[in-house]
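What follows is one structure encoded as structure tokens, with my remarks underneath.
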Amino acid sequence: MKEHLIQKWLDGELNDAELQAFKELPEYESYTKLSETAKLFKDTSYNVELELEKLNSIIKDRKQPEQQPVKVVQMQWIKPLLRVAAIFIIGLAVYYSPIYGDSTTVVKTLASNTTTIELPDNSEVKLNAASSIKYSKKKWKKNREVNLVGEAYFKVEKGSQFDVVTWLGKVSVLGTQFNVKQRVNYFEVICYEGLVSVSYKGKDIKLPAGKSFKIIDGKIVEGQTKDSVPSWAQKSISSFKSVPYGEVIKEFERQYNVVIEAKNIDTTQLFTGSFTNKDKELALKSITLPLQLKYIKKDSAKIVLTKE
Amino acid sequence: MLKTLNTHICEEHVFSKIFNTLSNDVYNFLRYKYGDGLNPRDKVQEAFIKLWDNCKNISPEKAKSFLFTTANNMMLNEYKHQKVVLKHQQAKPKDYTNESPEFLLEESEYMQKYENALAKLTEAQRVAFLLNRVEGKKHKEIAEMLGISRKGVEKRIYGALEKLRKDIEGI
């Protein structure tokens, strides 16, 4: 019955009673809006007279035989040129498509944010503050590869080789849990489960569970961990073990989105300790008190550290 | 309808008359079926040129179906299954600015959804629906134009309306 009513409305055949019934339908407004909006797709620029003039001039032009040869000559040199151009364009398209194809997915976190990403095979990535990863959904089945800038914790589903590429080194695994931290002069991989292979400057280093691998200013340092999950991912705590103090400051800046100025402080001295990512005041104390430093808050976004 | 008895398409005034009556319909038919991307305007011209070339062999009564078929075939030759894009006009002339940004955003989102939903209709549904809603053609006229039954036209238009509603309003 309703369908019949609407069909009659569409054909403009409703009588008064039917029109009233139609207006009382709950969908009445939605139908009229759909109908009204359709009218906007009208092309009012089509001018029959103008088109007829154009058509007549085309038909008349064809009757003049002198014009024919000119057209043919033009086409003869345009055609090969078009072919060359087409090959060129296709070449460019093929060359650029793997890089700029819309199949790559990029996830970024801002300062003082973390996020969890599920990859196409259910592997999980926890991204720490001010970091980003890039991967291709399309090629995922063939090639499990993630580009990383910053720090992330990976829980990899078992399967083919899984690569994490950073500009400092590549980390390859089959299925395991590990953390990768990549900073300007700092690169750290901690393996929590399974076996991880790190390639750095052409060398392959195998990392079993509980071991860590660090590169500080080009020097390799091996270490250990007792945790089963990185503390930042589980408890929102940034922890450090023999890490240059400068890196600790930078991590603090990322976690709290502030700028820290270190006045006459040795930023290369090694720091072992941790700070929470949730309480700025407490965190500041955690990183200053052990080294007997003083902090002055200039404004909400700037902190100055000095010796006591 | 055309008074076509004892006339010949090769005569210029007959040809012009056919153009005046039918070119807009052919144009709209092509536009709604294939979108603006494939130059429906040029195809109308080409179809009429073909009609002119064959004017001796085609009776005026057959001109209509000849034009629709020819134009459609020409489009099919170029049609590479790209998305159908129809251009639309601004919803209202902007002579007042008391609409809130939210309202304007909603409206532009609605238009965007509308465009996508139109593209998702089948060709048959889109043509029938737009000829009816935009051009105000009666079901009977559309049936004649497309060479199908009136029942079929009703079905297509109603189907299109419900599908649009579903796609746009997510019901």
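Values quoted throughout were computed directly from the atomic coordinates according to the rules given, and no laboratory measurement underlies them. Remember, predicted model here, so these are calculated numbers, not experimental data. Cβ atoms come from the backbone with ideal geometry, glycine included; neighbour counts cover every protein chain shown.
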Give me a comma-separated list of calculated 3J(HN,Hα) values for region A:46-55, in order, Karplus coefficients 6.51, -1.76, 1.60 applied at θ = phi - 60°, integers in Hz, x for any Gly or Pro. 6, 10, 4, 4, 4, 5, 5, 4, 4, 4
Answer rounded, prolate or oblate for region A:95-232, using the Cα gyration tensor with square roots of eigenvalues a ≥ b ≥ c: rounded when a/c is under 1.5, else prolate when a/b is larger than b/c, else oblate. rounded
Whole-Hz ³J(HN,Hα) from phi, Karplus 6.51 cos²θ - 1.76 cosθ + 1.60, for region A:236-245, glycine and proline x: 6, 10, 8, 10, 9, 10, 6, 10, x, 4
Report the Cα centroid-to-centroid distance between region A:180-203 and region A:6-23 in angstrom, as an integer. 72 Å
Residues of A:5-13, mean number of Cβ from any other protein chain within 10 Å of their own Cβ, rounded to a whole number? 5
What does the extension gain come out to for A:LYS108 and A:GLN269, with contour length at 0.36 nm per residue minus their alpha carbon separation? 54.9 nm
Across A:VAL196, A:VAL146, A:VAL48, the residue with the highest GNM fluctuation in chain A (Cα network, 10 Å cutoff) is A:VAL48
Region A:257-273 scanned against label point 7 Å out from A:TYR295 along Cα→C-beta; backbone N under 15 Å for A:257-263, A:273
For residues of A:196-208, the mean tally of beta carbons on other chains within 10 Å: 0
Using a Förster distance of 41 Å, the FRET efficiency for B:GLU107-B:ASN20 (Cβ separation, nearest 0.05): 0.65
³J(HN,Hα) computed for each position of region A:19-25 - Karplus, 6.51 cos²θ - 1.76 cosθ + 1.60, integer Hz, glycine/proline x: 4, 4, 4, 4, 5, 8, 4
By count of other Cβ within 10 Å, fewest leading, how are B:CYS10, B:CYS55, A:CYS191 ordered? B:CYS10, B:CYS55, A:CYS191
Neighbour-count ranking [beta-carbon atoms within 10 angstrom, fewest first] of B:LYS17, B:LYS137, A:LYS285: A:LYS285, B:LYS17, B:LYS137
GNM on chain B, Cα springs under 10 Å; top mean-square fluctuation among B:ASN39, B:ASN57, B:ASN77 goes to B:ASN77
With no other cysteine's Cβ closer than 4.7 Å, which Cys residues of the protein assembly as shown count as lacking a disulfide-compatible partner? A:CYS191
Under the √(5λ) rule applied to the eigenvalues of the Cα gyration tensor, what semi-axes describe the equivalent ellipsoid of region A:214-256? Give them in Å, descending. 19, 17, 7
Residue-span extension gain [A:LYS158 to A:LYS139] - 0.36 nm each, minus C-alpha spacing: 5.1 nm
If one computes the Cα centroid of region A:123-177 and of region A:231-308, what distance in Å separates the two points? 28 Å
Applying 1/(1 + (r/R0)^6) with R0 = 25 Å to the Cβ-Cβ distance of A:ASP204 and A:LYS235, what FRET efficiency is obtained, to the nearest 0.05? 0.20
What does the average come to when, for each residue of peptide B:106-119, you count the partner chain Cβ atoms lying within 10 Å of its Cβ? 1
Give the long-range amide H neighbours of A:ALA111: residues separated by 5 or more places, or on another chain, with amide H under 5 Å away, using H modelled in the peptide plane at 1.01 Å from N. A:ALA130
Between A:GLU124 and A:LEU25, what's the calculated FRET efficiency when r is the beta-carbon distance and R0 is 56 Å? Round to 0.05. 0.70
Neighbour cut-off at most 15 other Cβ (10 Å), DSSP loop, trypsin sites (Lys or Arg not before Pro), region A:162-248: A:LYS201, A:LYS226
Note the full-extension length gain between A:SER57 and A:THR44 as 0.36 nm times their separation in residues minus their Cα-Cα distance, in nm to one decimal. 2.4 nm
In whole angstrom, how long is each semi-axis of the equivalent ellipsoid of region A:155-308, when you take the square root of 5 times every eigenvalue of its Cα gyration tensor and sort them from largest down? 31, 16, 13
Using a 10 angstrom cutoff on alpha carbons, build the Gaussian network for chain A and name the most mobile of A:ALA262, A:ALA38, A:ALA129. A:ALA38
Residue order, fewest to most beta carbons within 10 Å, for A:SER57, A:SER199, A:SER131: A:SER57, A:SER199, A:SER131
